[in-house]
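The values are calculated or read from the model by the stated rules, or taken from the named source; none is laboratory data. Computed from a predicted structure; not experimentally measured. Positions of Cβ are generated from backbone atoms using ideal geometry, with glycine treated the same way; all protein chains shown enter the neighbour counts. Remember, those area values only see protein heavy atoms, side chains included, never the ligands or the DNA or RNA. Shrake-Rupley method; radii C 1.70, N 1.55, O 1.52, S 1.80 Å.
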Amino acid sequence: MGQRDFIAVDWGTTNRRAYRLREGVVIDSMADGRGVTAVAPGGFEQEVAQLRARLGDVPMLLAGMVGSNRGWVDAGYVATPATLERIAAAMVTPMEDVRIIPGISHVADGRGDVMRGEEVQLLGAMCAGLAPRDAVLCQPGTHCKWAWMTDGAIARFVTAMTGEMFALLKKHALIGQEMTGDVRPGDAFADGVRDGARGDVLASLFSVRPASLLGLRARADAASYVSGLLIGADCAAHAAGERVHLLADPTLGALYASAIAQLGGEAVRIDSQAAFIAGATRLWETMT
């Protein structure tokens, strides 16, 4: 007899994705904008009931910001090195047949870091054979995660505010009025990667405005240059010349893959949904 179905939920700040799984296979799924900030205080039990009404009355495994101090229950953190077994043992149970996965913390040289939700994808990539047990993994996004895996455990990681910094510059900075074009790999992006890897990022950012005023770069290319500058600095700091396994959507993944290759490395693209499903399934098997 196979294991009982369960629902795995990747429950973030603004969005959530839920999957009904049967022995590692997605039977049904849904996605919506009901992230933790959309749930009123005391409303999580009702949200669970609605998810079950949609996907079935089966146990649930919740990952992400739902387990933060801004979510349903603070599930705490497991310190690095973090394994599937340690994470499974630290889950919390806010109600019957519902488990919340803890986050991961890392402290080194007096600087702390945390992740919540990404750990399921990272460990899932190992379980599914999408990446070796000793590897560098990158999850680009608003807060880009770089993780170093050792013998299948999350040994250390660092978070870079790459995506958030781009958004802040575009919305609030003087150079934001120049950043009107689409971001795409190309010469302007490559120039940004080169300058970001060389350092002096703050001066390079200001150069965006005079480049437009003096006709040194087309205004339509400003956003691509700034993106390359930030991503280039990020990749140079954490994985220059490395083989990096990327868990990213096609658009952002293409930008990081381009920057990694330009800096002498190799990018290997991974299906992030497949990694999440594999990680959730293995955690469920470990727990049951």
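Looking at the stretch 20-116, the strands (runs of 3 or more DSSP E) lying wholly inside it that each contain 2 or more residues that are farther than 25 Å from residue 160 by Cα sit at 25-32, 60-64, 92-95, 98-100. Checked against the criterion of being under 19 Å from residue 145 (Cα atoms) and open to solvent by 60 Å² or more (accessible area, probe 1.4 Å), the candidates 93, 83, 37, 14 yield just one match: 14. Annotation note: Cβ proximity below 6 Å between a residue of the stretch 111-124 that is more than 12 Å from residue 143 (Cα to Cα) and open to solvent by 10 Å² or more (accessible area, probe 1.4 Å) and a residue that is assigned to a helix (DSSP H, G or I) and hydrophobic (A, V, I, L, M, F, W, C) (sequence gap 6+ or interchain) occurs for 121/275; 121/276. Screening 34, 22 for residues that are among the basic types (Lys, Arg), without any contact (Cβ under 8 Å) to a residue 60 or more places away in the chain and within 23 Å of residue 278 (Cα to Cα) leaves exactly one candidate, 22. Condition check: free of Cβ contacts under 8 Å to residues at least 40 places away in the same chain and not polar (S, T, N, Q). Does residue 146 satisfy that? When the stated conditions are applied, residue 146 does not pass them.
Residues of the stretch 1-25 being within 21 Å of the chain's Cα centre (by Cα) and not charged (D, E, K, R), which ones? Walk me through how you get there before you give the answer.
Of the residues in the stretch 1-25, the ones within 21 Å of the chain's Cα centre (by Cα) are 7-19.
Matches in the stretch 1-25: 7, 8, 9, 11, 12, 13, 14, 15, 18, 19.
Scanning for something at positive phi and modelled with pLDDT under 95, does the stretch 232-246 turn up at least one residue? So far as the stretch 232-246 goes, yes, one or more of its residues are at positive phi and modelled with pLDDT under 95. Taking the stretch 211-229 as the range and being of a type outside the set (A, V, I, L, M) and either within 13 Å of residue 175 (Cβ to Cβ) or modelled with pLDDT of 95 or more (or both) as the test, the residues that pass are 212, 217, 219, 221, 224, 225, 227, 228.
Cβ-Cβ distances below 9 Å connect no pair with a first residue in the stretch 71-82 that is touching a residue at least 60 places away in the same chain (Cβ under 8 Å) and among the aromatic types (Phe, Trp, Tyr), a second residue that is assigned to a loop (DSSP other than H, G, I, E, B) and buried (at least 17 other Cβ atoms within 10 Å of the Cβ), and a separation of six or more residues or different chains.
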